[in-house]
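Here's the structure we're looking at; comments come further down.
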């Protein structure tokens, strides 16, 4: 919950603002601006509502924002918001707990991570026993888990720590579900929680000011029946439609990394309760979209590690082949990226490891040798550590060298380079693997070995 001096801003944007000054909410902190009390406007459908809501949220464009849709109906609305803000889209799974035999009346809500909200006034007013309340909560928790499994499948959860989280639904009546969603986002470390909907009654919006930093509603009519009454088309949204929208939405974590005087595209993923973060250095003209490194990154995520994949070269630089072998340039970019990621709220204070491939592996070792980088562990996949030259003797971070058993030339180069290392090191030959680890099962072995190495040394060096 928020502290007593927390200020929450409530914004209403409608076709006809109030003729009087903005009304003050009696808590002395929150206030409303331009509430539309008319009830004669409706949205064509959820996509139309999402576009109107996105216009009210355009001030968040360019911020480190995550858009979370409440399944199912909130996701089509959230999709339009995410597109407009070019922000990642995810779901936040929360279920209303209805009064027995009056399911439309909420006596509370439950959400992911055990979040529970109870409306004691409704419980007492409807004379619901504690036994019936807990039984209803248990049923809805089971549905929460089912929806999490159905909607997320292999999709990693979008990290919220240190970021602005915009929670979107297709409308709010009592607010119990929205309240639970805000609490889940706060528990996941969101820096700021914004609750945004196309329509909600003014009293409910004001009441939610204690769990959201800002509440935005396109319409706040004083006469309010059901959310669906404000839509021309309010047909039910299916799980399949939700999955399609999540797939089509902007990819999570896309951002710009500022390093060595350049702005380079990257993808930052930090799971909840991450124990460390691994910065990837691609080589031989590869990029943040390298399928092999993205696969390794996914395995690291499942081990509780964050990752940063970014392009070490601009498009113009990458067009010149000699830059791929400019280890000094690549190492400067990598060192700057480590400093940049340490300034991100989601990754602050996490120990940092480096994962390099090909010529990028040499850059990781040069960066690790720099006394100010503070790297805790290094992994090289099919790398060229020999290109690190004299920097090898200054590497202090434990280093794992992974080489394919069929990559004869690179294997010998790694054996020679390991002799120059004075840090703890290990050379592992992956049987049957070539230079690119394309053979069945070989990349899986690389990913598991890397996850084990980083999990051991990043945790141990915190």
Which number do you get for Rg(Cα) / (2.2 N^0.38 Å) in the range 135-228? 1.17
Let me know the whole percent of all Cα-Cα pairs from the range 254-460 that are separated by more than 23 Å. 36
Note the angle between two axes, namely the Cα long axis of helix 291-302 and the longest principal axis of the Cα atoms of the chain, as a number of degrees from 0 to 90, rounded to the nearest 10. 60
In whole Å, how far is the Cα centre of the range 254-307 from that of the range 404-452? 20
Return the percentage of antiparallel bridges among DSSP beta bridges fully within the chain, rounded to the nearest 5 %. 30
In degrees, nearest ten, helix 359-369 long axis to first principal axis of the chain (Cα): 90
For Cα pairs less than 8 Å apart in space and 6+ apart in sequence, what is the mean separation divided by the residue count of the chain, i.e. the relative contact order in percent? 13
Using only Cα atoms, locate the centre of the range 175-251 and the centre of the range 104-137, then give the distance between them in Å, rounded to an integer. 20
If you fit an axis through the alpha-carbon atoms of helix 408-420 and take the longest principal axis of the Cα set of the chain, what angle between them do you get, 0 to 90°, nearest 10? 90
For Rg and Dmax of the Cα atoms in Å, pick the label among (i) 25.7, 80; (ii) 21.7, 69; (iii) 23.9, 81 that corresponds to the value derived from the coordinates. (i)
The residues 96, 419, sorted from fewest to most surrounding Cβ atoms within 10 Å, come out as 419, 96
At 222 nm, what helix-only mean residue ellipticity would the chain give, in deg cm²/dmol to the nearest 500, using -39500 (n - 2.57) for each DSSP H run of four or more? -10500 deg cm²/dmol
Dividing the convex hull volume of the alpha carbon atoms of the range 342-462 by its residue count, what do you get in Å³ per residue? 97
Sites residue 316 and residue 58 - FRET efficiency at Förster radius 35 Å, r taken between beta-carbons, to 0.05: 0.65
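FYI, it's all coordinate maths here, none of it is from the lab. Predicted, not measured: the structure shown is a model, and the values here were computed from it. Counting neighbours? That spans all protein chains shown, and the Cβs are built from the backbone with ideal geometry, glycine included.
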